[in-house]
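Have a look at the structure below, then the notes.
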Amino acid sequence: MMPKYFLWCWLLAAGAWHTANAQPVVRLFSQPGFRGDYLEIAQEWSARDRQDPWNDGVASIGVPEGWEVWVYEDSYFRGRREVFRGSWDGRRERFWCGRISSIRVVRPDRPNRPYRPPVIENRVPVTVFQDVHFEGASMRIYGEWTAERGYDFWNDRISSVYVPEGYRVILYEHSYFRGRRLVLESHWSAPRGETWWNDRISSIRVERVWD
């Protein structure tokens, strides 16, 4: 009986640890009342430019128990800030409705340690394009980008990349920098007849090349 009892206690403790450290999923909604289109984020999110469909487009936020979100008026965690300790509905607190451009997901017991801060110190942007030959819709990346769970327009849609001088870009097959990778040290466009990397990119890292 004793070994089973200790095993049961260990499983309970392991389950509690996993719950406390599990990756949170915060859901952003395009309409008040937790309705409309939604975007799920698990760490941090920032609008990359004014054309980002979610820039100033968040009207309510579902926050899991035990977590809080820091919302910012400007992209890349700048400008006025507010802390939401629980879900937020723009119908009741209207100031932030349509004004949010970046968000951090934070554990209250680690107020100075957002879940997974991105690398954004590289201020020179890399530009990715939806079509080959640097055509179609485009997005600028500072530091790194990964497709989040849920809707992400750019997941598996990149066909060409403009790399500025002095930088290299690492393309990854899967989100969160996993799977097969390709290192670029100059501009890249999916060659005619090459289908492997075309529309298969789910995360990107930008690195400075030091002389």
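The values are calculated or read from the model by the stated rules, or taken from the named source; none is laboratory data. This one's a predicted model, so the numbers in the text were calculated from it and none came from an experiment. Counting neighbours? That spans all protein chains shown, and the Cβs are built from the backbone with ideal geometry, glycine included.
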| message | It is to be established whether one or more residues within segment 91-100 are buried (at least 17 other Cβ atoms within 10 Å of the Cβ), under 19 Å from the mean Cα position of the chain (by Cα) and modelled with pLDDT of 90 or more. | response | yes
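Would you confirm whether or not segment 149-157 contains a residue that is touching a Leu at 6+ places or on another chain (Cβ under 7 Å), under 18 Å from Gly57 (Cβ atoms) and either at pLDDT below 85 or in a strand (DSSP E or B) (or both)?
Checked against the condition, which is being touching a Leu at 6+ places or on another chain (Cβ under 7 Å), under 18 Å from Gly57 (Cβ atoms) and either at pLDDT below 85 or in a strand (DSSP E or B) (or both), segment 149-157 yields at least one hit.
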When every residue in segment 33-84 that is in a strand (DSSP E or B) and either touching a Cys at 6+ places or on another chain (Cβ under 6 Å) or among the β-branched types (Val, Ile, Thr) (or both) is compared, the one surrounded by the fewest Cβ atoms within 10 Å (Cβ to Cβ) is Val83
Practice prompt. Report yes if some residue within segment 53-69 is under 25 Å from Ser138 (Cα atoms), of a type in the set (D, E, K, R) and at pLDDT 50 or above; otherwise report no.
Written response: yes
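Scan segment 169-202 residue by residue and report those that are at pLDDT 85 or above, hydroxyl-bearing (Ser, Thr, Tyr) and over 16 Å from Ile141 (Cα atoms).
Ser189
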Of the listed residues (Arg140, Arg123, Arg205), the one being modelled with pLDDT under 85, part of a strand (DSSP E or B) and within 26 Å of Asn55 (Cα to Cα) is Arg140
Quiz item: If we scan segment 184-199, do we find a residue that is farther than 22 Å from Tyr76 by Cβ, buried (at least 18 other Cβ atoms within 10 Å of the Cβ) and within 18 Å of the chain's Cα centre (by Cα)?
Solution: no
Residues of segment 138-175 being loosely packed, with under 15 Cβ neighbours inside 10 Å and free of Cβ contacts under 8 Å to residues at least 60 places away in the same chain, in sequence order, are Asp156, Pro164, Glu165, Gly166
